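The values are calculated or read from the model by the stated rules, or taken from the named source; none is laboratory data. Note that this is a predicted model, so its numbers are computed, not measured. Here the Cβ is made from the backbone with ideal geometry for all residues, glycine too, and neighbour counts use every protein chain on show. We work out accessible area using only protein heavy atoms, side chains counted, and drop any ligands, DNA or RNA first. Shrake-Rupley method; radii C 1.70, N 1.55, O 1.52, S 1.80 Å.
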Amino acid sequence: MNIVVLTGGTSSERDVSLSSGTLIHKALIEKGHHAILIDVCEDLPLIDSETLFESQKNFIGDAVITAKPFILNESHLSKKGYFGQHVLEVCKKADVVFIAMHGANAEDGKIQAVFDLYGITYTGSGSFASGLAMDKAVAKQLFMQNNIPTAKSITITKHDKIEDIDIPCVVKPLNGGSSIGVTIVKNHAELEDSLKEAFLFCDQVLIEDFINGREFSVGILDRDVLPIIEICMEDGFYDYFNKYHTEKVSEITPAPIDENKAKEMSELALKAYDVLGLKNYARIDFMMDEMGNLYCLEANSLPGMTPSSLLPQEALAVGIDFADVCEKIVWYALDHRV
């Protein structure tokens, strides 16, 4: 099968995207596919389309997740348009495009909408569902309307006056991932700096009730709910640095929780998946407080895809290795073409 693995982009999660893309590309080649790896924003040389996919070429080189989120450089800021030269043409020639991207202009439905217009088959959810999941405030409204418990929150802009905020709280950009710009505010003195940090990444910010308890995530592959994973921090919280650059995190699959509570969380995860209209694959994040109450925090329509990422770890717990996960996602995309 001829596959484009599309990665890179200009979001703050660019480095994570490149890492996911590199490993997905290797996995699909391992499974015998003609896969090429390209950066959505970088120009491609004009290559003979007859031999392009057989080359199995990696057009981005080595990928490393840096200790800090990506910040746009001059070459990206000065570029007109989003897609690199020849990128869309190559995507049209593929049997399927594996969208190995995270953050803005990837998880928010924009690329998916372009591909829909061109009739390009791609992995992950459609444009509308992707946009719903990316907007944390809209997703929370849908959760509440469908009796999916979630932490209370408010949404603000830079111009809003902030009053009567319960502390502790969690401050996070409205649209974003990898916990970039997310802060746990422990006292009122920290609130202003936390808001400034979040506004660096988004024009709207969510201020959410802090849930003291245990953190979990539930992966879904084509409506099959995977074993729950628990994220345990030695200290601090599961922010960008701790996700990719620390030994303080341990992840346990399947999570050591009561069978009934696991069933409840799995059912809520699938309900959230369906309410948002997600398909193909996704990951739903939860907190459980000290009383055992569950809170659905958010849905990830394009979760991290390296062997150490949460969803692949959950799949491995039921005997599906990383290469098989990648191939399953491709087949699901082809099976569910409209």
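Tabulated data for the structure shown
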{"quantity": "Selection count where residues are in a loop (DSSP other than H, G, I, E, B), open to solvent by 60 Å² or more (accessible area, probe 1.4 Å) and modelled with pLDDT of 85 or more, scope segment 136-167", "calculated": "2"}
{"quantity": "Segment 106-140, residues that are in contact with a Ser or Thr (Cβ under 8 Å, 6 or more places away or on another chain), small (Gly, Ala, Ser) and in contact (Cβ under 8 Å) with a residue 60 or more places away in the chain", "calculated": "Ala106, Gly124, Ser125, Ala129, Ser130, Ala133, Ala137"}
{"quantity": "Residue that is modelled with pLDDT under 90, open to solvent by less than 70 Å² (accessible area, probe 1.4 Å) and within 20 Å of Gly304 (Cβ to Cβ), where the choices are Phe216, Phe237", "calculated": "Phe237"}
{"quantity": "Filtered residue count, segment 2-20, keeping only those that are closer than 22 Å to Gln56 by Cβ, open to solvent by 10 Å² or more (accessible area, probe 1.4 Å) and touching a Gly at 6+ places or on another chain (Cβ under 9 Å)", "calculated": "2"}
{"quantity": "Selection count where residues are open to solvent by 20 Å² or more (accessible area, probe 1.4 Å) and within 15 Å of Ile231 (Cβ to Cβ), scope segment 263-279", "calculated": "0"}
{"quantity": "Helices (runs of 4 or more DSSP H) within segment 1-91 that include 3 or more residues modelled with pLDDT of 95 or more and among the polar types (S, T, N, Q)", "calculated": "none"}
{"quantity": "Failed criterion for Val318 (all others in (1) open to solvent by less than 70 Å² (accessible area, probe 1.4 Å); (2) in contact (Cβ under 8 Å) with a residue 60 or more places away in the chain hold)", "calculated": "(1)"}
{"quantity": "Subset of segment 280-292 [open to solvent by 10 Å² or more (accessible area, probe 1.4 Å) and within 16 Å of Ser266 (Cβ to Cβ)]", "calculated": "Arg283, Asp285, Met287, Met288, Gly292"}
